[in-house]
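**Q** Structure below; questions to follow.
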Amino acid sequence: MDSSLFERLLHVLLKTPVFKLDNKDEQLEQFENEYCFDENLQPMFTKTILLNIISDVEKNVIYEIADDINVYISIFNFENEIYLVGPYVREEYSQQDIDNLLIEHHLPSAYSLSLKLYRNSLSLIYHNQLYNIINSCIYENINYDDKNYSSIYRRYDSERAFEHLIRMGDVENVIAMQQIMLDNAQNSGFLKSNTSYINPAVSFAILRTLARKAAESSGLSVVTIDEITQRYAQLADSAVTISRQEEYSKKMILELTKAVREHQLKYSNYSLPVVRTLEYIISHLSDELKIINLAKQVDMSVSNFCKLFKNETGLTVNEYITTQRCKKAAEFLSQTNFPVQEIGSYVGYDDNNYFVKVFKKVYNTTPTQYRKNQRKK
């Protein structure tokens, strides 16, 4: 079988990177640079470790490797060629899981959004789904004719069109394209023979992953995306019929696309420099955020930048930073048992006394009292 054809087929079916390791040093260095988020959290994803792993790969065995943040890769030997599949995830992380992980590893909250975006950019692939697809491609003598391939690529093209409509907030057409995409998937000869792939629960998970990626690329907040997709995931899990599950999937896509449109309309009132600044501040809350550096990032003088920011947001830059830090701290205070000092440090205040002072100014109460009040509700 043509190894390049095999590599492309796996990539299309699994929607995750697939490497046929011809030039191991160069390709594994590329893999580490592109997909290793942090070598301390993902030592197994570094070139040095991967070279050691693939040197011992046996035939007819699919090796699966996981890191500390539950991101996976698979490695196997097919016809004396080594293939690396991934990275991918098996389940979505909750924000609480990510925050707990960062605190345990003594990493700043600035990592939170970038880590979330990293994980959510990866394909969601169930264990059985991965093994069944790889084994089907290797062992089940799939008919690799032009007709079979054309149906697979039609499905691939319709998925890209579907993601584009979500990114554009096209509420009017997204559901019709979702149906076209599902029809193309059902008409694929390969998918008909792969029962795990057309399982309703797996199909819903794949759809949710596609929608998440599209919504995130539009700039929609991951918090909003989580709220919508996880709510419908719970509803779908409790659905007793396939038709009800399909109903929830359509409602999820429609609500998500509407949220994208509303987000675009909301930020349409902000200039590009302000939008970029808002997004940067949210993703780097624990960093030392100096106005001069924020202004440089958008190629503006400090005076013009501060004037533009205040005119468009109604707050000074420092007021906005303080508000967002205290808002994040308030979430931790109400949802976790982490010490107040750790929470303050996590959101950017190493001096606990100063953190208490700032928090009290924003919420008119101390962090400790705020936590007590929230627990009473």
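The values are calculated or read from the model by the stated rules, or taken from the named source; none is laboratory data. The structure presented is a predicted model; accordingly, all values stated were derived computationally and were not measured. As a convention, Cβ positions derive from the backbone with ideal geometry for all residues, glycine included, and neighbour counts pool all protein chains shown. For accessibility, only protein heavy atoms count, side chains too; no ligands or nucleic acids. Shrake-Rupley method; radii C 1.70, N 1.55, O 1.52, S 1.80 Å.
**Q** With the full set of protein chains in place, find how many percent of the accessible area of the chain is carbon and sulfur; take the probe as 1.4 Å.
**A** Solvent-exposed carbon and sulfur of the chain make up 48 percent of the total.
**Q** Place a label point 7 angstrom from the Cα of residue 318 along the Cα-to-Cβ direction, then list the residues of segment 333-371 whose backbone nitrogen is under 20 Å away.
**A** 345, 347-364
**Q** Report the residues of segment 302-342 in range of a label on residue 373: point 7 Å along Cα→C-beta, backbone N strictly under 14 Å from it.
**A** 327, 330-331, 333-334
**Q** Still on this structure: With point charges of +1 on the Cβ of Lys and Arg and -1 on the Cβ of Asp and Glu, referenced to the Cα centre of segment 338-377, which listed residue (358, 339, 373) lies farthest in the positive direction of the dipole?
**A** 373
**Q** State which entries of 290/372; 266/357; 266/327; 328/361; 116/327 exceed 22 angstrom in Cα-Cα distance in the structure shown.
**A** 290/372; 266/357
**Q** Still on this structure, please answer the following. Quick one: the Cα spread of segment 190-343 along its three principal axes, in angstroms, biggest first?
**A** Computed over segment 190-343, the largest-to-smallest principal extents equal 63, 38, 26 Å.
**Q** Show me the GluC sites (Glu not before Pro) within segment 1-89 that DSSP assigns to loop and that have at most 12 other Cβ atoms within 10 Å of their Cβ.
**A** The qualifying sites are 58, 79.
**Q** Quick one: length gained pulling residue 354 to residue 241 fully straight, 0.36 nm per residue minus the C-alpha distance?
**A** On the way: separation 113, 0.36 × 113 = 40.68 nm, distance 5.50 nm.
Fully extending the segment from residue 354 to residue 241 adds 35.2 nm.
**Q** Go through 326, 298, 253 and say which Cα lies farthest out towards the positive end of the charge dipole of the chain; charges sit on Cβ, +1 for Lys and Arg, -1 for Asp and Glu.
**A** Of the candidates, 326 comes out farthest on the positive side.
**Q** Right, here's the next one. Against the longest alpha carbon principal axis of the chain, how many degrees, from 0 to 90 and to the nearest 10, is the axis of helix 302-313 turned?
**A** In the chain, helix 302-313 runs at an angle near 80 degrees to the longest axis.
**Q** Okay, next question. Take residue 171 and residue 104, extend 7 Å from each Cα along the Cα→Cβ direction, and tell me the distance between the two endpoints in nm.
**A** So the two model labels end up 4.1 nm from each other.
**Q** Let me ask something additional. How far is helix 24-35 tilted off the main Cα axis of the chain, in degrees rounded to 10, range 0 to 90?
**A** Here the helix axis deviates by roughly 40 degrees.
**Q** Looking at segment 246-306, which trypsin sites (Lys or Arg not before Pro) are in a loop (DSSP not H, G, I, E or B) and have at most 16 other Cβ atoms within 10 Å?
**A** Those that pass, being in a loop and sparsely packed, are 290.
**Q** Using the Cα centre as the reference, give the magnitude of the dipole from point charges on the C-beta atoms of segment 1-146 (Lys, Arg: +1; Asp, Glu: -1; all else neutral), rounded to the nearest 20 debye.
**A** The dipole of segment 1-146 has a size of about 240 debye.
**Q** Taking only DSSP H segments of four or more residues, each worth -39500 (n - 2.57), what value at 222 nm results for the chain once the sum is divided by all its residues, to the nearest 500 deg cm²/dmol?
**A** -21000 deg cm²/dmol
**Q** For residue 297 paired with residue 12, estimate the spin-label separation in nm (one decimal), with each label point 7 Å from Cα along the Cα-to-Cβ line.
**A** Label-label distance for residue 297 and residue 12, simple model: 4.0 nm.
**Q** How charged is the neighbourhood of residue 34? Take every other residue with its Cβ under 14 Å from the Cβ of residue 34, and add Lys/Arg as +1 and Asp/Glu as -1. Show your work: numbers first, answer last.
**A** Details: positive: 47; negative: 26, 29, 32, 38, 39.
Net charge around residue 34: -4.
**Q** Kindly state, to the nearest 0.05, the FRET efficiency for residue 364 paired with residue 279, given R0 = 41 Å and r defined as their beta-carbon distance.
**A** My answer for the efficiency is 0.90.
**Q** Straight-line reach from residue 296: which lysines have Cα under 21 Å away, leaving out those fewer than 8 places along the same chain?
**A** 307, 310
**Q** Using θ = phi - 60° and the Karplus relation 6.51 cos²θ - 1.76 cosθ + 1.60, list the HN-Hα couplings for segment 72-85 in order, rounded to whole Hz, with x at every Gly or Pro.
**A** Ordered by residue, 3J(HN,Hα) equals 10, 9, 10, 9, 8, 10, 10, 6, 6, 10, 8, 10, 10, 10 Hz.
**Q** So what's the gap between the Cα centers of segment 1-80 and segment 285-329, to the nearest angstrom?
**A** If we compute the Cα centre of each part, the gap is 41 Å.
**Q** Pull out the extension gain between residue 4 and residue 51, defined as 0.36 nm times the separation in residues minus the alpha carbon to alpha carbon distance; nm, one decimal.
**A** Net length gain for the segment: 14.8 nm.
**Q** Taking 0.36 nm per residue of sequence separation and subtracting the Cα-Cα distance, how much length would be gained by fully extending the chain between residue 179 and residue 63, in nm to one decimal?
**A** Details: separation 116, 0.36 × 116 = 41.76 nm, distance 3.55 nm.
Fully extending the segment from residue 179 to residue 63 adds 38.2 nm.
**Q** How big is the dipole moment of the chain about its Cα centre under a simple scheme where the beta carbon of each Lys and Arg is +1, that of each Asp and Glu is -1, and everything else is neutral? Debye, nearest 20, please. If you can, show how the numbers build up before the last one.
**A** Numbers: 41 positive and 49 negative charges, 430 e Å.
Result for the chain is approximately 2060 debye, rounded to the nearest 20.
**Q** A further question follows. Leaving out ligands and nucleic acids, and using a 1.4 Å probe, what accessible area per residue does the chain come to in Å²?
**A** It amounts to 50 Å² per residue over the chain.
**Q** How many percent of the alpha carbon pairs in the chain exceed a separation of 37 Å?
**A** Cα-Cα pairs of the chain separated by over 37 Å account for 31 percent.
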